[in-house]
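To keep things clear, I will list the structure first and then write my remarks on it.
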Amino acid sequence: MSKTLLTVTIVLFIGCGTLVGQTDFATQKEQMVRIQLQGRDITDIETLSALLNVRRHEFVPENLKNLAYTDGPLPIGNGQTISQPYIVAFMTQALRLKSNHRVLEIGTGSGYQAAVLAKIVDSVYTIEIVKDLATTAEKRLKRLGYDNVNVKWGDGYHGWPSKAPFDAVMVTAGADSIPQPLIDQLKVGGRMIIPVGPHHGVRQLVLITKKKNEVRTKSLMAVRFVPFTRKDSIDPDR
Ligand code: SAH
C-alpha cells in the first residue's frame, strides 16, 4: 500500500471510529431519556430536554464511559458518586425551574447536575467540599462551554451569601438535618430539595417551599446518597 493511501485509510478509520462512538452515545442518551425518565414519572419538558442535551459520558471517568447512560449511580473518584440519571431528573423537575432563575447547588461532584441545571436556568452557583473534585469539575464545565456555572470549593453548609437570594437550592449529598443558612438564602416562594436522614441510612428526599411566614416540608421518596460532610478530609493542607 502506498504511503498516502495508508494515511488516508488510517484517517478514515479513526474518523469513522469517532463518529460511531459519538452516535452510540447519542443513541444511548436518547434511550436513557425515553426509558429511564419518560418511562417513569419525568414529564417536565425542560428537564427532559436538559438531560437529552448534556453529554453525561463527559462527566464520568474514562474507564466508565461505556456505562455513562446506564440506570444507576457511578463512582467519580474521591469516594464520591454521580447520581443515577433518574434521580438527577427527579430533583431537577421538583424545583419547577424557570429560565430567569438563579440556582444554588451543594455537592458539585462531577459537575453533571450543575450542567443539567445550567441548560434550564440563567445561572448556577455550585459548591464542592473536596478540592480535587471542585477543580476538576470547574475545568470540565469550562471546557464544555457551561459559562453560566460558577464553582466554589468550600463547605456548602454556609451556602453562598454574597450571591443570595436564590430561586432554588439543590443539595446532592445526604444531610442529617436541613442547614438553616440554605433556607435563609432561599427567596420567598423559592424551592429547595435535599436528601435528609440518618447517616449511612436510607434518607428522604425532602422538598422545602419557603412561604412568607412559614417553611413547608414534604417528603417525596426514599433515596441513598453519599453523606453531606463538614470538612474536606481529602486535602490535609486546608
Ligand atoms: N451533583 C454531583 C454528585 C454529587 S455526590 C454530580 O452531578 O456529579 C455529592 C457531593 O457532595 C460529593 O462530591 C461530596 O464531596 C459533596 N459534599 C459533601 N458534603 C459537602 C458539603 N458540606 N459542601 C459541599 N459539598 C459537599
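Look at the stretch 60-84: where a residue is within 14 Å of the ligand (Cβ to nearest atom) and a partner is acidic (Asp, Glu) and assigned to a loop (DSSP other than H, G, I, E, B), sitting 6+ places away or on another chain with Cβ atoms under 9 Å, you get Gln84/Asp71. Restricting Val188, Val215, Val223 to those that are in contact with a helix residue (DSSP H, G or I) (Cβ under 7 Å, 6 or more places away or on another chain) and away from the ligand (no atom under 16 Å from the Cβ) reduces the list to Val215. Look through the stretch 99-134, keep the residues that are outside any loop (DSSP other than H, G, I, E, B) and among the polar types (S, T, N, Q), and return whichever of them is nearest to the ligand (Cβ to nearest atom). This residue is Gln113. The residue pairs whose first member lies in the stretch 140-152 and is closer than 21 Å to Asn100 by Cβ and without any contact (Cβ under 8 Å) to a residue 60 or more places away in the chain, whose second member is among the β-branched types (Val, Ile, Thr) and part of a loop (DSSP other than H, G, I, E, B), and whose beta carbons are closer than 8 Å, counting only pairs six or more residues apart or on different chains, are Asn148/Val121. Just one of the listed residues (Asp122, Asp71) is among the charged types (D, E, K, R), modelled with pLDDT of 95 or more and touching a helix residue (DSSP H, G or I) at 6+ places or on another chain (Cβ under 9 Å), namely Asp71.
Checked against (1) surrounded by fewer than 22 Cβ atoms within 10 Å (Cβ to Cβ); (2) under 17 Å from Asp155 (Cα atoms); (3) modelled with pLDDT of 95 or more, Val171 passes all but condition (1).
The values are calculated or read from the model by the stated rules, or taken from the named source; none is laboratory data. Bear in mind the structure is a predicted one, so any value in this text is a computation, not a measurement. Please note: Cβ atoms are built from the backbone with ideal geometry, for glycine as well, and neighbour counts cover all protein chains shown.
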